[in-house]
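One structure is given here, and the rest of the page talks about it.
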Amino acid sequence: MSVETITPEQNLTALALSEEEIFTAHEGGKLSVSSTVPLLNKRDLSIAYTPGVAEVSRAIHANPELARTHTWAQRLVVVVSDGTAVLGLGDIGPSASLPVMEGKSALFKAFGDLDSIPLVLNTTNVDEIIETLVRLRPSFGAVNLEDISAPRCFELEERLIEALDCPVMHDDQHGTAVVVLAALTNAAKVTGRELEGLKVVVSGAGAAGIAVSEILLTAGVKDVVLLDSKGIINSERADLVADSGSVKARFAQRTNPRALSGGPAEALQGADVFIGVSSSKLAEEHLKLMNDNSIVFALSNPDPEVLPEVAVKYAAVVATGRSDFPNQINNVLAFPGIFRGALDAGARRITPAMKIAAARAIAALAEDELSADYIVPSPLDPRVAPAVTAAVAAAAE
């Protein structure tokens, strides 16, 4: 049988939120710009603006590297979206995505002490997005791609990394992947397993699913089976043979070492881990096919692939993406520290080693109190961002 989903109205009720409270908080937007220098008299104006500012501009013209220390650009992250894959809402366009991007910028400031501005673009053309950001490059220090639909997001990130000399990361891919690796590292310890020996099923071959599979393979997991809406990603599947250059086809060559075919039932038979990063639902009978003391990460938000109260009948460790259940796997554990660490180190790329370092730092913070209901620290734990920042900066160097 399929599990009932939670409606948005039920979710608001569970968290005791009212529409009035939400809309009041968002009225006028969630961001503002404030000055870091006083502007109280003529002397202040002369230093911050003309004529004093001309001295700084002349100096940057003579030595462009001074822009890193005498403007905010080096510490400014732009949160970029075209509004095509926003939360669980889908393609709602740039204007409707702006409240989400404002929220992301607020999180950068609160958790990473980084200035950030949202930049929503009225185009879904990859070439146009790249051209826009290349032209704007002097104004920012890093790019956080957000809520951009697959498979375009893969091409966009790859090409932007090559086009820009600054950190670029699609958080829906890599932020999710980093926290999943941290959580799975500790879930394996709780269940007495080694990470490398896990049989893992990833449901969803979009942005998050591909990145989760990638980081697990990089971390040493040898048996990853990837599912999309047509079933198991298999190198002999007709649609992937026909589209051999696609991201899914490439991953068909790197995953599914037992050459499984079929759907969720075939994938989950004898599996240790289920990781859901799609809108599909996990039937209860499929949970019964997994190994004893299994691990279930049902991360679709706000409606998990399976509700925790059902999953715990069969699984030893259960996690979701929601704050009202134990073990919240939330990107905010990763992205503020990853970007802060990369910028602190003057890195021009966010590398796989930096992502692995971030995951290990997050996992380490939960080790002292590790249990089935505590495999990652809370997103509000003040230790998280500094620990991730330090680990990423060290990996960058």
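Brief remarks follow.
- Scope region 35-64; condition charged (D, E, K, R) and open to solvent by less than 80 Å² (accessible area, probe 1.4 Å); matching residues: Asp44
- In region 379-397, residue farthest from Leu333 (Cα to Cα) [restricted to those that are over 16 Å from the mean Cα position of the chain (by Cα) and in a loop (DSSP other than H, G, I, E, B)]: Glu397
Table: residues versus (1) in a helix (DSSP H, G or I); (2) crowded, with 17+ Cβ neighbours inside 10 Å; (3) under 20 Å from the mean Cα position of the chain (by Cα).
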site	(1), (2), (3)
Val80	no, yes, yes
Ser97	yes, yes, yes
Leu107	yes, yes, yes
Phe111	yes, yes, yes
Asp127	yes, no, no
Thr132	yes, no, no
Asn144	no, yes, yes
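- Scanning region 297-319 for residues that are surrounded by 23 or more Cβ atoms within 10 Å (Cβ to Cβ), over 14 Å from the mean Cα position of the chain (by Cα) and not hydrophobic (A, V, I, L, M, F, W, C) gives Pro304, Glu305.
- Residue among Arg322, Arg360 that alone is open to solvent by 50 Å² or more (accessible area, probe 1.4 Å) and more than 22 Å from Glu157 (Cβ to Cβ): Arg360
- Only listed residue being over 15 Å from Ile275 (Cβ atoms) and open to solvent by 30 Å² or more (accessible area, probe 1.4 Å), chosen from Ile148, Ile161: Ile161
So that you can scan it fast, the table gives a plain yes or no per residue for (1) in contact with a Leu (Cβ under 7 Å, 6 or more places away or on another chain); (2) part of a loop (DSSP other than H, G, I, E, B); (3) modelled with pLDDT of 95 or more; (4) of a type outside the set (Asp, Glu):
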residue: Phe154; (1), (2), (3), (4): no, no, no, yes
residue: Glu158; (1), (2), (3), (4): no, no, yes, no
residue: His174; (1), (2), (3), (4): no, no, yes, yes
residue: Thr185; (1), (2), (3), (4): yes, no, yes, yes
residue: Val212; (1), (2), (3), (4): no, no, yes, yes
residue: Leu216; (1), (2), (3), (4): yes, no, yes, yes
residue: Val221; (1), (2), (3), (4): yes, yes, yes, yes
residue: Asp239; (1), (2), (3), (4): no, no, no, no
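The values are calculated or read from the model by the stated rules, or taken from the named source; none is laboratory data. Values in this document were obtained by computation on a predicted structure and should not be read as measured data. Reconstructed Cβ throughout: ideal geometry from the backbone, glycine too, with neighbour counts over all protein chains shown. Each accessible area value is taken on the protein alone, full model and side chains, heavy atoms only, with ligands, DNA and RNA left out. Shrake-Rupley method; radii C 1.70, N 1.55, O 1.52, S 1.80 Å.
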